[in-house]
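Contents: one structure, followed by commentary.
Each reported figure results from applying straightforward, stated rules to the coordinates on display, with no laboratory input. As the structure is a computational prediction, the values presented were derived from the model and not from experiment. Here the Cβ positions follow ideal geometry from the backbone for every residue, glycine too, while neighbour counts run over all protein chains shown.
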Amino acid sequence: MSTPLPWPAIHATHGGIWIATPDGAVRSVGRGEAIALAAETPAVLLNAPVTATRLGYGELSGLDLLELFAFVHPARFVVPTPAGMARALGLEPPADDAAAAPFLLRAAAALLDRLGDAGWAEREGGWTAAQAMFRLRWPWAAAAVERIDRPERAERWLFSKLPEWEEAAPRPQPRPLVLADAETDDALARLVGSGAEPREGQRLYAEAAARVFDPRRAEGRPNMLLAEAGTGIGKTLGYLAPASLWAAEAGGTVWVSTYTKALQRQLDRETARIFPHPADRARRVVVRKGRENYLCLLNLEDALQGGFQGRAAILAQLVARWAAYSRDGDMVGGDLPGWLVTLFRRAGSTALTDRRGECVYAGCPHYRKCFIERSARAAEGADLVIANHALVMILATRRREEGLPLARMVFDEGHHLFDAADSTFATALTGQETIELRRWIVGPEGKSRGRRRGLSARLSDVASYDEEGALAIDAAVEAASALPADGWLGRLGEGLPLGPVERLLAAVRDTVYARASAADAGYGLETEAAELDPALIDAAAPAARALEALVRPLARLRQRLEGLLEDGPDWLDGPARARIEGAVAGLSNRGQLLAAWVALLARIGGPVDPDYVDWLAVDRIEGREFDIGLHRHWLDPTRPLAETVLKPAHGVLVTSATLRGGEDWAAAEARTGAVHLDQAVPRFEAPSPFDYAARAEVLIVTDLKRGDLAGLGLAYARLIQAAGGGTLGLFTAIQRLKAVHARIADRLAREGLPLYAQHVDPIDTGTLVDIFRDDRRASLLGTDALRDGVDVPGESLRLVVMEGVPWPRPTVLHAARRAAGGGSAHDDRVVRARLAQAFGRLIRRADDRGAFVLLSAATPSRLLDAFPAGVPVRRLTLDEAVAHVAALNASAPANPVGAFSPQQVSGISMEPEGDVGTE
């Protein structure tokens, strides 16, 4: 039996605060006493930032169980609640909140006991890390050090433990192949399993998807299919069956693209059906993300060697523990628990990834072990590469220029293709963007520290060998001095801009504040870039000349580097070549960015280009400015999508459960780029097998006054109470979400109904969904990210409440597209898509049931066809809606805890997590 721990424990919820003392006594206390105890003595907590929020205290330090769990079991997931911790440790969950406080002490003892267990799976590196964290005064360090035996031999630690990637020969061109329907059917049957119920819709879907992989008949005319497969069809396995079969038999690669990281994880799990052996799967299935998602080993080394101080240094040690056991080094949505970074708030986690394009490639001592490079190289020889829309578009554009296009792609969550293209092909000339470019060229300035180095340091060997290259570097550094420097935002606020680009941004700021609507006060402001003041027009020309002065030396340097690669001097070994190739790629990307900025400025004061939408913006959060700049978006971003991604491809499948968004196929063709191909694109439709009419209802509340926050809060509280929790509340404005949460959280908690909220609770969104999924009495409030990104089948989600009709925000970009898209008809299309996506959260399995409540008396009847045919739609009062929800809840089976499947407990988060039957 474990020795009793000497610390008290504090458990705080919206419903109360409890303290457990080492002798086993438990009592309820007020906030003042709990804060005083936490300040006087170390206390065991579960998620210190959340506990501090519940206590109304700025920041608590203590013995956080989640930090200890991350040390003991790196790269493992736990739902960060007492019940979730109990299941992860094999302990009896506490019966109520009062019992949770002493449970925290039992959980701490269990975790500490594992440090001395001979069977501790993550022992390697533990002693070394504990010693380092002891020196950093980590609260758990003393207890950990005394329980971990010193190893007989020096431990293999992170940088010596990670495997090295190896170069491989380029993959041959795939051979032409036509998949017979019988072959596809057999492959699907193997994936689904012998005991699965046959699904005609899934079989037909798989056969239709197989035609995407047929040999292309003409250049610029890909085999493209638009496929809408309703929830329950089994869409994922429906396209993975022909994709994996073609890849294996033709020897090619299929890129499977999603909009969300969560669906990436689902797809990754589903591929275990195709390749059951882990080693085979690791070779043939690769998850690709942007560089900013992965841990940078050089940044981590800098952090561990003194670059991080205080709490940030402890975070670096825990991330190092995780990296040694991580599958792929993915810090955003991979096997790093989402809650780990939020425990340290703004303690420097973003500095551990490559967010500024500062990679030195082969100049890095960890290059051969780099998670990013390993992923990129593995993708070249994989059968299936699981990526996201933005990355696929960027890579497809780059490969098209190189004459090596991404040939076969599947775009899942295809209803987001328009939005992804909108972001990918947009241009933003802002203070934040320009200062990042300056740092990339010039390197650290002033008192900034760290390894962030400019071109001179990264290419010092080139400069010493090639005089012309050295002159180009010097010229680029000199020209970059015209870009905004540290402190630019403060100088603009004081009216003291430095340099031509800062003066341009100052003029942008003045124009926006002069023209923007006061209704937007507190948040971002914007105005159309038309009929501009002379001061702004005059500022554009010097800024453009400053940017052009930077374009020339960067282009010259790129030419010199390309010449070096062709000549191959004696000192240019493999690592040096890789580093220069990386520099060439970086110069190319930034050259394109500068060209786009110059083109944007050239239009200032000129005629309107009908293909683009330009505007000026001051970005703010709760009234605080954080960026200023000019923006350009394509009016129709599917035009560059079609030219750079679709036309060069050989086969493209675009699929979704809501591809049409309640509209006709013409809308789907317009939003996916198919309309820009010089060919007819086939369509496939498989309606959901779910009986929505019998399992769901839509309730429109007619007596809630618009703008009445008190009434809105009361409506949410009553509906959540009637449902007994299990409610997803959706908002179109963060301010209203916060106001409602503040009014109802304590009231619900006193009735045993936990309430969580985005933008309120200091927890990442994915973890919030995990907590919600894990407890049928919990409810979750959120905004757009939860509207079409949550998969919570079963009793944990039985009610969806929207605060009102999700009309699009009246931005400059929206106004332009509205005018081009038919006025109010465009708005209706947007709303129908959002309603369909929000309703889609409700029924995820055939046995799900629930209600969708819209708190808007003025909901137009023309929008109601966004819901599945046959679903009852009732307009009624709030009292009647509450009665309907209560009756539904009374007929539901009792299930106090929503269970996780074994596959889900490994870095869970948002969006489709289901089995073959989910979308």
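What does the C-alpha gyration tensor say about the overall shape of the range 692-904? Classify as rounded when a/c is under 1.5, otherwise prolate if a/b is larger than b/c, or oblate.
Details: a/c = 1.44, a/b = 1.37, b/c = 1.05.
Verdict is rounded for the range 692-904.
If contacts are Cα pairs under 8 angstrom and at least 6 residues apart, what is the relative contact order of the range 465-634 in percent?
On the way: 198 pairs, mean separation 52.8, N = 170.
Once normalised by length, the contact order is 31 percent.
How about the range 482-571: which GluC sites (Glu not before Pro) there are in a DSSP loop, with at most 10 other Cβ atoms within 10 Å of their Cβ? Kindly include the intermediate steps, with their values, before the conclusion.
Values: sites: Glu494, Glu502, Glu526, Glu528, Glu531, Glu548, Glu562, Glu566; in loops: Glu494, Glu531.
Here the GluC sites (Glu not before Pro) that fit, given the DSSP loop and packing criteria, are Glu494, Glu531.
Footprinting exposure proxy ranking of His277, His11, fewest other C-beta atoms within 10 angstrom first, gives His277, His11.
If you average the sequence gap of Cα pairs under 8 Å that are 6 or more apart and divide by the length of the chain, what percent do you get for the contact order? Relative contact order for the chain comes out at 15 percent. The distance between label points at Trp120 and Arg743 comes to 5.1 nm (points 7 Å beyond Cα on the Cα→Cβ vector).
Just how large is the dipole of the range 692-904 about the Cα centre, in debye to the nearest 20, putting +1 at every Lys and Arg Cβ and -1 at every Asp and Glu Cβ? Can you show the working numbers first?
On the way: 27 positive and 22 negative charges, 99 e Å.
My answer is approximately 480 debye.
Among DSSP beta bridges whose residues both lie in the chain, state the antiparallel percentage, nearest 5.
Values: 31 of 82 bridges.
Just about 40 percent of them are antiparallel.
If you take the beta carbon distance between Leu91 and Arg355 as r and set R0 to 51 Å, what does 1/(1 + (r/R0)^6) give as a FRET efficiency, to the nearest 0.05? Computed FRET efficiency for Leu91 and Arg355 comes out at 0.85. Distance from the C-alpha centroid of the range 643-719 to that of the range 848-874: 14 Å, rounded to the whole angstrom. If R0 is 60 Å, the Cβ-Cβ spacing of Asp474 and Ala99 corresponds to a FRET efficiency of close to 0.30. Most simply put, the range 692-904 has about 5% antiparallel DSSP beta bridges, counting only bridges with both residues inside it. Placing unit charges on each Cβ (+1 for Lys and Arg, -1 for Asp and Glu) gives the range 692-904 a dipole about its Cα centre, and among Val882, Pro860, Ala820 the Cα reaching farthest toward its positive end belongs to Ala820.
Checking the a/c ratio against 1.5 first, then a/b against b/c, what shape does the Cα gyration tensor give for the chain? Note, shape of the chain comes out rounded.
Can you give the relative contact order of the range 692-904 as a percent, counting alpha carbon pairs under 8 Å and 6+ residues apart? If you can, show how the numbers build up before the last one.
Working: 379 pairs, mean separation 75.8, N = 213.
36 percent.
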